[in-house]
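Student: Handing you a structure now.
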Amino acid sequence: MSHPFVSHFQCTICGAQYEPDAVTYTCPVCGPAGTLDIVYNYRKLHKTLTAKQLTKKTPPTMWRYGPLLPIIEPSYIPPLPIGWTPLLDVPRLANVLVQNQLWLKDDGRNPTASLKDRASAMVVARALQMKAPVVTTASTGNAAAALAGVCASVGMRAVIFVPAKAPPAKIAQLLVYGATVLLVDGTYDQAFDLCVQAAEEYGWYCRNTGMNPYTTEGKKTAALEIAEQLGWKPPDVVLVSVGDGSIIGGQYKGWHDLYELGWIEHMPRLIGVQAEGSSSVAKAWRDGTDPATMQPGPADTIADSISASLPRDRVKAVRAARATNGAYVTVSDQDILAAIPELAQHSGVFAEPASAAAYAGLKEARKQGLVSPDDRVVLLLTGSGLKDVNSAMKSVGAGYPVAAEIADVRRVVEQQGLAR
Ligand SMILES: *Cc1c(COP(=O)(O)O)cnc(C)c1O
Ligand SMILES: [Zn+2]
């Protein structure tokens, strides 16, 4: 069945257009850097549909935006409730920064505890439509956990390539969900290349970030939700951490789709946050270089989810900042660790390092004058703090050992000034 609103697939580098699904991964002319956009017939959508109609009687999940998504047949939609995560107004956190308006989009609340669920659900829907026997991915952890979880929900086989050094909680998720887990003695980038080779050899459907155009369409739903949650009045700025660049690329695509539809009056500025030790995209943005020809760079950060030597969605990632008058900032591992408790203690949201990096990035962007106190700001928080407890423990002090006696409790209470 052909899709009523998908117009074509388009290469982000050379602009070549392809019939929908005529190309499975990247542009055959431009190679792996030539990621594809799934382009809709915006005029037809505009005529058929208003924002109000779209969101009436729709499920509280990412699938509420049906006509704006590339898969619409209900029978392919995985049953786990993904998306429609809360957008939290956090005045106490805003006060810390003297920011008038600040919201947290808490995507750690997804079923496998990261934003990656959105992309995995979209890819599994496509895999069901294609009748693929196996779905595979390489991942620093969260994309894999998301794929394993969504596959488990529909009884599909998943083969996962993950660096053996990924945080244990993420590896545990893979195993518990029953995926076949290959613990690669190497980096994420090496796992990525292995996964591509194996997918080709065995005819598996590959979810790899950037490479698979459906991932962006899943991730864009976070932008659609923010827009709806703010009454279709977009924020001035969205900040999000960037590894491969697929989440920020999805933000761009979501806001772009809404703008093309005429449902929003402007697009927010998109600010990408990278770790100092893994900052290839920020560097390309700053130097004005062509992301398509980027060479692998260092990838050394405690924030494992944003550690990427050759970011796979680099073309979309650079475009997101350039085309929205946005920016990139970098933050140190120390800033990232400090952000975890500061964010948690002023909002109640516990974020993993890569997620808390967005908050560290907001502080840096304020310092550089890229964000003003009057800007309406959304931080896209991408993953739960429970994903990486070891890093979280480095960001806080220890508890107080007490004997099992009230006298010892009194000692601590008095020390802490908690006694009345
Ligand atoms: C994947 C991920 C990111 C970065 O997303 P990219 O698409 O690789 O840029 C950030 N935070 C978390 C928690 C992630 O899992
Ligand atoms: Zn191309």
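Student: Taking region 7-17 as the search range and keeping residues that are touching a residue at least 40 places away in the same chain (Cβ under 8 Å) and assigned to a loop (DSSP other than H, G, I, E, B), which one is nearest to ligand 2 (Cβ to nearest atom)?
Tutor: Going through the qualifying residues, I end up with Ile13.
Student: To continue, here is another question. Looking at region 299-402, what helices (runs of 4 or more DSSP H) fall wholly within it and have at least 2 residues that are away from ligand 2 (no atom under 16 Å from the Cβ), in contact (Cβ under 8 Å) with a residue 60 or more places away in the chain and under 19 Å from the mean Cα position of the chain (by Cα)?
Tutor: 314-322, 333-347, 353-367
Student: Right, another one. Out of (1) modelled with pLDDT under 95; (2) surrounded by 15 or more Cβ atoms within 10 Å (Cβ to Cβ); (3) closer than 30 Å to Gly108 by Cβ, the odd one out for Asp37 is which?
Tutor: Of (1) modelled with pLDDT under 95; (2) surrounded by 15 or more Cβ atoms within 10 Å (Cβ to Cβ); (3) closer than 30 Å to Gly108 by Cβ, only one is false for Asp37: (1).
Student: Could you check region 268-296 and list, in sequence order, the residues that are in contact with a Ser or Thr (Cβ under 6 Å, 6 or more places away or on another chain), modelled with pLDDT of 95 or more and outside any helix (DSSP H, G or I)?
Tutor: Arg269, Leu270, Val273, Gln274, Ala275, Glu276, Gly277, Ser278, Ser279, listed by residue number.
Student: Still on this structure, please answer the following. Here is a list: Ala338, Ala357, Ala327, Ala351. Which entry is small (Gly, Ala, Ser), under 21 Å from Asn100 (Cβ atoms), modelled with pLDDT of 95 or more and surrounded by 12 or more Cβ atoms within 10 Å (Cβ to Cβ)?
Tutor: Matching residue, one of Ala338, Ala357, Ala327, Ala351: Ala327.
Student: Let me ask something else about it. Go through (1) modelled with pLDDT under 95; (2) of a type outside the set (Phe, Trp, Tyr); (3) more than 12 Å from ligand 1 (Cβ to nearest atom) for Ala308 and report which single condition fails.
Tutor: (3)
Student: Determine whether region 151-162 contains at least one residue that is under 21 Å from Leu310 (Cα atoms) and surrounded by fewer than 16 Cβ atoms within 10 Å (Cβ to Cβ).
Tutor: Among the residues of region 151-162, not one is under 21 Å from Leu310 (Cα atoms) and surrounded by fewer than 16 Cβ atoms within 10 Å (Cβ to Cβ), which makes the answer no.
Student: Something else: Can you tell which of Ser2, Ser75 is more than 22 Å from the chain's Cα centre (by Cα), outside any helix (DSSP H, G or I), more than 16 Å from ligand 2 (Cβ to nearest atom) and surrounded by fewer than 18 Cβ atoms within 10 Å (Cβ to Cβ)?
Tutor: Every option except Ser2 fails the conditions.
Student: Please go through region 173-231 and give me each residue that is in contact with a Gly (Cβ under 7 Å, 6 or more places away or on another chain) and of a type in the set (Asp, Glu), ordered by number.
Tutor: Of everything in region 173-231, just one residue is in contact with a Gly (Cβ under 7 Å, 6 or more places away or on another chain) and of a type in the set (Asp, Glu), namely Glu225.
Student: In addition: On the basis of being at pLDDT 95 or above and surrounded by fewer than 22 Cβ atoms within 10 Å (Cβ to Cβ), does Gln190 make the cut?
Tutor: no
Student: Kindly check whether there is at least one residue in region 294-305 that is out of contact with any Leu (no Cβ under 9 Å at 6 or more places or on another chain) and surrounded by fewer than 24 Cβ atoms within 10 Å (Cβ to Cβ).
Tutor: There is at least one residue in region 294-305 that is out of contact with any Leu (no Cβ under 9 Å at 6 or more places or on another chain) and surrounded by fewer than 24 Cβ atoms within 10 Å (Cβ to Cβ).
Student: How do the pairs read when you match residues in region 18-31 that are hydroxyl-bearing (Ser, Thr, Tyr) and at pLDDT 95 or above with residues anywhere that are in a strand (DSSP E or B) and surrounded by 15 or more Cβ atoms within 10 Å (Cβ to Cβ), using Cβ under 6 Å and keeping only pairs 6 or more apart or on different chains?
Tutor: Close Cβ pairs satisfying both conditions: Tyr18/Phe9.
The values are calculated or read from the model by the stated rules, or taken from the named source; none is laboratory data. Bear in mind the structure is a predicted one, so any value in this text is a computation, not a measurement. Methodologically, a virtual Cβ is constructed for each residue, glycine included, from the backbone with ideal geometry; neighbour enumeration extends over all protein chains shown.
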